[in-house]
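Asker: Input: one structure, supplied below.
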Amino acid sequence: MVQPAGHYELYTTEQGWVFVSGQTGEDGDRLAPDLSAQTAQAIRNIATILEGAGASLEDVKKTTCFLANIDDFAEFNAAYARGMGTAKPARSTVGVAGLPDGALVEIEAWAFLRQ
C-alpha cells in the first residue's frame, strides 16, 4: 500500500468528494526509472487509494499534474493517457522547480463518489 511521505493523509473525503494527495512514481521505496514509468506508477497509486475510498479512476473529475521539466509534456501526456484509459477528467499540468526525492512527476486527483 502507498504510504504518505510526510505529515498528511493519502486522501480525505467531504460530502461525496475524495481528495487524493499528490502521488509520485514510487512503489514502496523504489522510484520508477523514467517519466513514463513514474507517470504509470503514480496513476496506479491513485487507483489503489481510490479503491480504498470506494471509488475508481472513472470517478476522477480533476487532476493537477506537476512536472519537474515542462519540456517533457508530450511524453507525460502520452503516459497519462495510457494510464487513465477511458477516464478523461479536467486537468491542469504545470512545470515546477523540483519534486520530492527526485521525482519527475506528481499527480493529485479529486474524485466524486456516485450516490
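A short reminder: the numbers here are calculations on the coordinates, not readings from a lab. Bear in mind the structure is a predicted one, so any value in this text is a computation, not a measurement. Counting neighbours? That spans all protein chains shown, and the Cβs are built from the backbone with ideal geometry, glycine included.
Asker: Tell me, in nm to one decimal, what length is gained between Val94 and Arg114 on full extension, where the rule is 0.36 nm per residue of separation less the Cα-Cα distance?
Answerer: 4.3 nm
Asker: About the Cα centre, and with charges only on the beta carbon of Lys, Arg (+1) and Asp, Glu (-1), how big is the dipole of the chain? Nearest 20 debye, please.
Answerer: 440 debye
Asker: Can you give the % of DSSP beta bridges in the chain that are antiparallel, to the nearest 5?
Answerer: So the antiparallel bridges in the chain amount to around 75 percent.
Asker: In degrees from 0 to 90, rounded to the nearest 10, what is the angle of the helix 73-84 Cα long axis to the longest principal axis of the chain?
Answerer: Once rounded, the angle reads 30 degrees.
Asker: Report, to the nearest 10°, how far helix 35-52 tilts away from the longest principal axis of the Cα atoms in the chain, using its own Cα long axis and a range of 0 to 90°.
Answerer: Approximately 10 degrees, to the nearest ten.
Asker: Right, here's the next one. Only one of the values (i) 12.9, 37; (ii) 13.1, 40; (iii) 15.3, 44 was calculated from this structure for Rg and Dmax of the Cα atoms in Å; name its label.
Answerer: Correct label is (ii).
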